[in-house]
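Everything on this sheet refers to the single structure shown next.
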Amino acid sequence: MIIVNGNNYLGNMDTYHINNIASACNGEWLQMVNNIAPIEHLVIDTRKIVFANTSLFFALHTNKNDGHNYIKTAYEAGIRNFVVSTAIDVKPLVHANIIKVADTLKALQQLATLHRSQFVLPVTAITGSNGKTIIKDWLFQLLRFQLTICKSPKSYNSQVGVPLSIWQLNAQHELALFEAGISERNEMELLANIIHPTLGIFNNLGNAHSEGFTDETEKLKEKLLLFQHVKNLVFSCNQTAINSHLFEFVKQHHIKAFSWSSSKQAEAYYQFTTDTVGKHTQIVCEAKNITVQIPFTDEASIWNACTCLAYLLMLDELKLFALDLPSVLNKFSELQAVEMRLQLKEANNNCIVINDSYNNDLDSLKIALHFLQYQGNGLQKTLILSDIYQSGFANETLCKLVAELIKANSITKFIAIGDVFYQYQHLFPNQSLFYVTTQQFMESFSTLNFENEIILLKGARQFEFEKINALLEKRVHETVFEINLNALTNNFNAYRKLLGNKVKIMAMVKAFSYGTGSYEIAKTLVFNQVDYLAVAYADEGVVLRKAGINTPIMVMNPEKSSMDLLLKYNLEPAIYNVAILQELINAANGQEVGLHIELDSGMKRLGFDANQIAGLLLILSNNKNIQVKSVMSHLAASEAAEHDTFTLQQIDKFDTLSKQIVDHFPYAILRHCLNSAGIVRFKKAQFDMVRLGVGLYGIDPAFEIQNQLQQIGTLKTVISQIRHIEPSESIGYGRKGVVTKPSRIAIVAIGYADGLDRKLSNGVGYMLVNNKQAPIIGNICMDMTMIDVTEIDCQEGDEAIVFGANPTITQVAEKLQTIPYEILTSISQRVKRVYYAE
C-alpha cells in the first residue's frame, strides 16, 4: 500500500520506498544505505519534523534561503533520507540515503505528479487574485458531513505548497479541493500538471501579484491555464471587463461554464440576488427556488459565498455525488470566518495560548503542532483537543494517529474533550485527561493548575472552545501590538539578497527588539540562520540565553556591574575604551572571553581613536585569554545622500584602522560597519558582516527598498465607550477638545502610558476605525484617548488601529517629526504582544 503522511492508504500498491522516489525524480545516488527505506512524509522545513525515520527531506533552494544549509540540522533531528541538488559531504551523514537531482523543487513536483496520477476522483482547482483559501475552507465546512475531502492546508497554493497538498491524497478521499496561486509568468501550467484538475473555480481577478505581468490580460490568461483540461468551470460574470476572455476560454477548450451573476443582463448560468439585513445576507437563486443565508454582510464574503453556492449547484446538476443538497445549503448560515493565522497570546500564570479553535481536522492539527514546537520557549507543551469529525478514518485508527502525533511532538499534557476520545482513552499517555463535554472540562478548570505552559487549543466548532480560551487568556489591557513573524522573515531575506555570499548578518534585537519583543523575534531570526544577535545590555542577553538561544550575542553597552553576567552566559561585549576593557580583564581572571572592538570613524560617540590603537593592541597581546571576535564602527548618516562624501570617508577610515587590528592577530576577525541603510547604499563596504536593525522591522531608512519590506507590527486598541457630544461641551483634560456640531466621540483604551505620544493630540494624529480615519480629539490621556467617529459606522468593542498598514508607522513618525525607531521603542511593555505566523 502507498502510505501517505503515516496514515493514508492507496489500493493494493506497494509502500513508497526511497528507491521508488529516486526513479520518479530521475535522481542519482550520492549514498545508499537502505534503498527500501519507507517514505511517508515530505519535509522541507526542519521545524516541522515529526516522524523523522519515515520522512524525506527536500533541500530546496530559493532566492530567500537554501535548504542545503539545514541538512545537518535535519540529520541531527533523525532524518535519514535526503534529496539534494548539489554535491555535499556525505561523511557526517553516515546513516543517510542521499539522492542528487538537478533541481530539488522540480523533483518534489515530479513526485507529487506521480502520486496524483494514482487517483481517479473529482479534483477541484481554485484560483483567483484573492478568496481562494476562504472558498476552499467554506466548501469544506459545507460538505464535510457528507464527503471525505482532501484539501490544501491553510493557503498551500505555491510551487511548493501544491505538491505538499497533493501528497495528502489517499484512497478514502471522495473529493479534493486544491488552491493554486502564481506571482509571475510560466508558473500556472506547472501547477496544472501537478493538480490535474477535473473541476475548476476561478474566483476573481484583482491587483494582487500583478508585478510579474505586463498587464491584467496577461495575468488572466496565465491563471486560466490551470483549467485547460477541466470539464466544468465556476466563475462570476460580475467582472464585466474580463467576461469576454472567460467565455472565449471555455468555448475554446470545450468546457461547460457554470457562471453566476447578480445582474440579470449578464450571460450567467445562475442568477443570484442578495439582500443584507442586520448582520446577515440572503442569497436567492430564483431559477432553482433556493435561498441561503450567510452571517456576513461585507462585499467579499457575499462574493465568496455566491461562488460556493454556484459550485454546489454545479455538483448537484452533475450528479457526481449523492448529495443531500438541502442539508448542505442549510449550513451556509453556520459558515465561520476563516482564520488565516495562528496567534500566540499571553495567559494567566505565565502561560501562552495558541488559539486555533473552530478549525479541527488532522492536517490543521499537524500544522498547529508544528507551530507549537517552534514557539515552545522551554515551556511545558499542552494540547487541548476536541473530537475530530469527518477524518475519513475509523475512530480507533484516528485516535491511534492522534496519539502518535502527541508522542512525536513531545506533548507533556494532553486534554481531550468528546465521546470518541473518551471511549478510546486507553490509547493515550497515562497522564492524559478526558472529558465528554466542554462544560465538564470547565467545571474542573480550577483544579487543573495551568502554569508555565504553552497551550494549543484545537476544537471543532460545536465544542465552543472560545469559552476555554476566555478562561485561560490573561485579563489585561485591551491594547495589543501584533507582530507578524512572516513579515520579519521576509525583511530579513530582502536584505540578505543584497549581500555577498560569505557576508554574515548581525541582527539588532536590542531595546526589546525595537519594542517588538526579544525572544520571539530572536527565535525566528535564529531559525533563518542569522549569524549574530546584538542587544543593548547584558540582562537582555541573559533573557535570550535562558530561553535557549545559543547564537553568539554581542552586548553593545557593557557595564562594570554586568561583567559577571557576560562571563556566565557567554555574552560578547563591545569594548570602546581602555577602562571597560580593563574591567573585563579583571573579571575574567584568565577565563577565555570574546569581545568586539568599536572604533570611532567619525560619529564622535563611542569608540577607540586612531591614536589609541597601539595601546589597545598591547593590552590585548598581554592577555591571551581575550579573543577579538570583530572590529566595528558606526556610520553617522548612511541614509542621507547629501552626506555621502562624509560616509565614504568614514568607511575608508574604518578600513584603515581595522586592518591594524586584524593584521595583528593570527586568527580571523570579522569587520563590520554597515547598518540597514548602509546595506542598501554602500554595497562595496559590506566587509565580513553587516548589522541589520530597523530594516528587519519593515522600515528602510534609505527609502530605496521600502516596497520590498513588510510592516511587521500593528498597534491596535478597542473602543471602550461612545459618547454624544454637543458643541457647548468640551472633551478631555484642559478642555482642548471642542466640536462645531453634534458629534460621536469614541474613547479608546490607549494613552501615553502605552507609548502613544501626546503630540498626536488635538487632530495631529488619527486612528483607523472600520477603514476610516478617526481624528484624535482633545489631549491624549494616560490610559485612554478620544477620537471623533461622527462619520463612521462603529460601536463599542470595535477595533481602532494606531499604526499598521494604515497609517504606517512612518506616517505617524512624520507627524511627530521623529523617526520610527522612537515610536517602536516607546510602546510600553504593559501592551500585550501577540505573535502570529501565516
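Key figures
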| read-out | value |
| --- | --- |
| Charge dipole of the chain about the Cα centre (unit charges at C-beta), most positive-ward option of ILE182, HIS254, SER23 | SER23 |
| Inter-label distance for GLU174 and HIS245, nm, one decimal - labels placed 7 Å from Cα along Cα-to-Cβ | 3.7 nm |
| D (Stokes-Einstein, µm²/s), Kirkwood Cα radius, region 10-88, 0.890 mPa s at 25 °C | 187 µm²/s |
| Antiparallel bridge percentage (DSSP; both residues within the chain; nearest 5) | 40 percent |
| 21 Å Cα-Cα threshold exceeded, pairs from LYS381/LYS458; LYS407/LYS467; LYS510/LYS832; LYS132/LYS251; LYS72/LYS546 | LYS407/LYS467; LYS132/LYS251; LYS72/LYS546 |
| Amide proton proximity set for HIS61, modelled H, under 5 Å, gap of 5+ | GLY67, THR104, LEU105 |
| Paramagnetic reach from GLN380 (point 7 Å along Cα→Cβ, amide N under 16 Å) across region 425-450 | 429-434, 445-450 |
| Values of log10 I(q)/I(0), in the order q = 0.13, 0.19, 0.24 Å⁻¹, for region 253-345 under a Debye, Cα-only, solvent-free model | -0.49, -0.94, -1.33 |
| Once exposed loop trypsin sites (Lys or Arg not before Pro) are cut out (DSSP; at most 12 other Cβ, 10 Å), longest piece of the chain | 1-263 |
| Label-point separation, HIS724 to ILE367 (7 Å along Cα→Cβ), nm | 4.6 nm |
| Accessible surface, the chain, averaged per residue in Å² (probe 1.4 Å) | 42 Å² |
| Quarter of the Cα convex hull surface for region 601-689, i.e. its orientation-mean projected area (nm²) | 5.9 nm² |
| Residues ASP539 and GLN773, FRET efficiency given R0 of 45 Å [Cβ-Cβ distance, rounded to 0.05] | 0.65 |
| Estimated [θ] at 222 nm from DSSP helical runs (n ≥ 4, -39500 (n - 2.57)) normalised by residues in the chain, nearest 500 | -8500 deg cm²/dmol |
| Test item: Cα-centred dipole of the chain, Lys/Arg +1 and Asp/Glu -1 on Cβ, debye | 960 debye |
| Base-10 log of normalised Debye intensity for region 683-769 (one unit scatterer per alpha-carbon) at q = 0.18, 0.22 Å⁻¹ | -0.94, -1.19 |
| Theoretical gain in end-to-end length, ARG47 to VAL578 [0.36 nm per residue, Cα-Cα removed] | 186.8 nm |
| HIS253/GLN708 FRET efficiency (R0 41 Å; Cβ-Cβ; nearest 0.05) | 0.65 |
| Lys, Arg +1 and Asp, Glu -1 on Cβ, resulting dipole of region 370-450 about Cα centre, debye, nearest 20 | 280 debye |
| Using alpha-carbon coordinates, inclination of helix 578-588 to the longest axis of the chain, degrees | 70 degrees |
| Gain upon complete extension [PHE445, LEU427; 0.36 nm per residue less C-alpha separation] | 4.1 nm |
| Overall form of region 104-179 per C-alpha gyration tensor (a/c, 1.5; a/b vs b/c) | oblate |
| Positive-end extreme of charge dipole, the chain - chosen from ASN232, ILE135, GLN172 (charges on Cβ) | GLN172 |
| Dipole magnitude (debye, nearest 20) for region 641-779, charges at Cβ of Lys, Arg, Asp, Glu | 540 debye |
| At q = 0.10, 0.11, 0.12 Å⁻¹, base-10 log of I(q)/I(0) for region 394-530 (Debye sum, equal scatterers on each alpha carbon) | -0.56, -0.65, -0.73 |
| HIS196/ASP644 FRET efficiency (R0 60 Å; Cβ-Cβ; nearest 0.05) | 0.60 |
| Relative contact order of region 194-351, pairs being alpha-carbon contacts under 8 Å that are 6 or more residues apart, as % | 16 percent |
| Extension reserve of the TYR389-LYS736 stretch, reckoned as 0.36 nm per residue once the Cα distance is removed | 119.1 nm |
| Distance histogram in 5 Å bins (all Cα pairs of region 381-420, percent per bin) | 6, 23, 33, 24, 12, 2 |
| Selection from ASN589, ALA337, SER158 lying farthest towards where the dipole of the chain points positive, charges on Cβ | ASN589 |
| Hull volume in cubic angstrom per residue (convex hull over the Cα atoms of the chain) | 200 Å³ |
| Sparse-neighbourhood loop sites, GluC sites (Glu not before Pro) in region 233-318 - DSSP loop, at most 16 other Cβ within 10 angstrom | GLU267 |
| Label-point separation in nm, THR62 to VAL277, each point 7 Å along Cα→Cβ | 4.8 nm |
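The values are calculated or read from the model by the stated rules, or taken from the named source; none is laboratory data. A quick note: this is a predicted structure, and the numbers were derived from the prediction, not measured. Because the Cβ atoms are built from the backbone with ideal geometry, glycine has one as well, and the counts that use them run over all protein chains shown. Just the protein is used for accessible areas: all its heavy atoms, side chains included, with ligands, DNA and RNA removed. Shrake-Rupley method; radii C 1.70, N 1.55, O 1.52, S 1.80 Å.
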